[in-house]
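Here the structure comes first, spelled out in structure tokens, and everything after it is commentary.
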Amino acid sequence: MNKIESSFLNKNQFGNDFLWGVSTAAFQIEGAHDADGKGSSIWDVFTSQKGKIKNGHHAITACDFYNCYQDDINLIKELNIPNFRFSISWPRIMPTGVHPINQAGIDYYNKIIDSLLASGIEPWITLYHWDLPHELEIKGGWTNRESVSWFKEYVEVCVQFFGDRVKNWMVINEPSVFTGAGYFLGIHAPGKKGITNYLKAIHHVTLATSTGAKIIRERVPDAHIGTTFSCTHIEPATESVKDVEASKRVDTLLNRTFIEPILGLGYPQKDLPVLKKLNNYILEDDLNNLVFDFDFIGLQCYTREVVKHSILTPYIGAELISAEKRNVISTEMGWEVYPPAMYHILKKFNEYDGIKKIIITENGAAFPDTVQNGKVHDIKRTHFIQDNLEQILKAKQEGLNVEGYFVWSLTDNFEWAEGYNARFGLIHVDFETQKRTIKNSGLWFKDFLS
Ligand code: NCW
């Protein structure tokens, strides 16, 4: 270990029960886009359309995890990582989104689960990490209220086949990101735009979250059930009333809209008036049905945003001032490197009474890594992770609730609209040869966990 890569951090400072892991998502790693009866997802379709993904990248092969899973599981073991979070591709096990099931898809996830358990690695399943079956999108996708029953049918199949061995479940990944990017801005699949699509998707995804969780609770009595939220620390650009108000609206949209109804607080319509339009889609009893007592909440914090008032942005009246404009250090995603965001987010979410347990289910950074003489000197990533862990430790030592940390991600992978250039992995992937090289950050994490 290079001296500069070591740190005073010690795993024991976090306590024996603290959960350590690494996170992935099916579409970003699996490839095998049409293997063994798999149906198309909205991301298969979106990536095949011209101009949607940087450099025309697609995920037909991605990291070929579909074929390389055993090697990658061996790497997880080699890195001493005790918990592995992965997602199920809905169209792989239900090609049209609803029955009939595709047995080959079920068999594939069974092999992964069994292999993880045989290696002493605990499986953590995310049920929905953005790859909706395309057949369901034809029927309106998340803008169709029927999506809640489609999702229920899918969750029933997952718990039926995997619930005997998998005890850690996360229902939906980052609803604010995929509804915002996919149904309002149109920059992620399915490429829909506009406030009506967006509001419908928000409400149906939120309903699906509690509906899915209830199915797991009912059928897997000893399950540890969570769901994950993207969260970003928000600051006003100046202390002016207008900027402060604008930053509150952005905070409401990005950090509060999806969690508060689940906690029984309703949608935060007072602080973001456009959400009042949701009342057009909220049926009797919905607000009661949205509530679920999750065993844990997964938080995924990467950065902060600085916000100013703007009359040019409809509905929200606010502009995010990019890291580039602010001239601060940022990652390949253009996200500011600002580890204290993690502490602020933990403090903020600790203020909710209804959260039993918080786990950081994703954190990490994309930097332009290269392999040199068989090594990847990704010192910036190592420091990013160490600095975030210091913020978590500070929060923990102050008595705040935080009980786990999962790095995003195991390997470099298909980073949605950014394609393959944004490398988040602890392990480098050469996408021409599929060769894996453990980066120095991965070696540091291994040492830290040993
Ligand atoms: S895009 C995004 N990501 C990355 C993705 O690879 C993963 O699938 C997601 O779960 C890494 O982790 C998540 N997250 C969006 C975070 C947004 C932060 C800044 C928002 C400012 C408006």
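Here, each number is a calculation from the coordinates, and none is a lab measurement. Note that the coordinates shown come from a computational prediction; the quantities given were computed from them, not determined experimentally. Every residue, glycine among them, receives a Cβ derived from its backbone with ideal geometry; neighbour counts consider all protein chains shown.
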### Query
³J(HN,Hα) across the range 420-428 via Karplus (A = 6.51, B = -1.76, C = 1.60, θ = phi - 60°), whole Hz, x for Gly/Pro?
8, 6, 8, 9, 9, x, 7, 10, 6
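For Ile329 and Lys167, calculate 0.36 nm times their separation in residues minus their Cα-Cα distance, and state this gained length in nm to one decimal. Mind showing how you got there, number by number?
Details: separation 162, 0.36 × 162 = 58.32 nm, distance 3.94 nm.
This chain segment gains 54.4 nm when fully extended.
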#### Entry: ³J(HN,Hα), Karplus 6.51/-1.76/1.60, whole Hz, each residue of the range 86-101, x for Gly, Pro
9, 10, 8, 7, 3, x, 6, 9, 9, x, 9, x, 10, 4, x, 7
### Message
Give me, ordered by chain and number, the residues 5 or more places off Thr126 or on other chains with an amide H under 5 Å from its own placed amide H.
### Response
Phe86, Ser87, Ile88, Met170
### Query
Over all pairs of distinct alpha carbons, what does the Kirkwood formula give as the hydrodynamic radius of the chain, in Å?
22.1 Å
## Note on the structure
Under 5 Å from the placed amide H of Glu403, counting only residues 5+ away or on other chains, we find Ile358, Ile359, Ile360
#### Entry: Under Karplus coefficients 6.51, -1.76 and 1.60, residue-wise ³J(HN,Hα) of the range 292-300 in Hz, glycine/proline x
8, 8, 5, 6, 8, 10, x, 10, 10
### Query
If the limit is 21 Å between Cα atoms, which of Lys347/Lys446; Lys193/Lys276; Lys276/Lys356; Lys375/Lys446; Lys50/Lys192; Lys77/Lys435 go over it?
Lys347/Lys446; Lys276/Lys356
### Query
In whole Å, how far is the Cα centre of the range 346-405 from that of the range 256-330?
22 Å
### Summary
Net charge (Lys, Arg +1; Asp, Glu -1) of residues whose beta-carbon lies under 9 Å from that of Tyr281, Tyr281 excluded, is +2
#### Entry: Percent RCO, i.e. relative contact order, over the chain, from Cα pairs under 8 Å lying at least 6 residues apart
17 percent
#### Entry: Asn12 versus Asn74: modelled label distance in nm, points set 7 Å from Cα along the beta carbon direction
3.3 nm
